[in-house]
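A.B. asks: Just passing along the structure, written as structure tokens.
Where a number appears in this text, it was derived from the coordinates with a stated rule and is not lab data. Since the model is a prediction, treat every value here as computed from it, not as a measurement. Reconstructed Cβ throughout: ideal geometry from the backbone, glycine too, with neighbour counts over all protein chains shown.
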Amino acid sequence: MNIFWAHEPLFIRDLISYMPEPKPHYNTVATLVKFLERKRFLEREPMANSFRYKVKISEKQYHGDTVSEVVSRYYGNSYLSLVSQFVEEDKMDLQELKALIAQIEKNKK
């Protein structure tokens with residue numbers, strides 16, 4: 001998705017050109033693109049005898065949806081539980097927690 005966000009719209013061959021070496025096989029990438037299309041992250045438009053793909057979901061929306069799914073699946077829909085785990089495992093210090101609270105308060109005004 002990062003390549004699509006940076007360079008869309010793309011044909012599969014264009015997508016492969018942006019990938020690092022060793023380049024994956026065309027069919028492998030096509031399968032992945034079809035999966036992303038089924039998930040409604042991409043949409044295709046016919047162009048001659050091929051398809052050009054473009055993004056249907058912004059990077060911000062994608063990240064938000066992904067975090068929501070993780071919180072729902074692993075934290076019982078509790079963002080507090082998620083943040084608590086970060087604090088308990090020393091992955092978030094007091095300054096970061098205070099900054100998060102300040103941001104929340106600012107957004108609520």
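A.B. asks: Positive end of the dipole of the chain, charges at C-beta (+1 Lys, Arg; -1 Asp, Glu), about the Cα centre: which of S58, M19, V70 has its Cα farthest in that direction?
C.D. replies: Positive-most Cα among the choices belongs to S58.
A.B. asks: How far apart, in nm, are the 7 Å Cα→Cβ label points at T66 and A30?
C.D. replies: 2.7
A.B. asks: Mind checking which lysines have their C-alpha under 26 Å from K39, skipping anything on the same chain fewer than 8 residues away?
C.D. replies: Output for K39: K23, K54, K56, K60.
A.B. asks: With log10 I(q)/I(0) by the Debye sum over Cα atoms at q = 0.11, 0.16, 0.21 Å⁻¹ as the read-out, I listed [x] -0.32, -0.71, -1.31; [y] -0.56, -0.84, -1.07; [z] -0.31, -0.67, -1.18; which label goes with the value calculated from this structure?
C.D. replies: [y]
A.B. asks: Also, quick follow-up: By the scheme Lys and Arg +1, Asp and Glu -1, what is the net charge of all other residues having a beta-carbon under 12 Å from that of T31?
C.D. replies: It works out to a net charge of +1.
A.B. asks: Considering only C-alpha atoms, what is the centroid distance from segment 92-109 to segment 2-43, in Å?
C.D. replies: 37
A.B. asks: Using the Cα centre as the reference, give the magnitude of the dipole from point charges on the C-beta atoms of the chain (Lys, Arg: +1; Asp, Glu: -1; all else neutral), rounded to the nearest 20 debye.
C.D. replies: Approximately 520 debye in magnitude.
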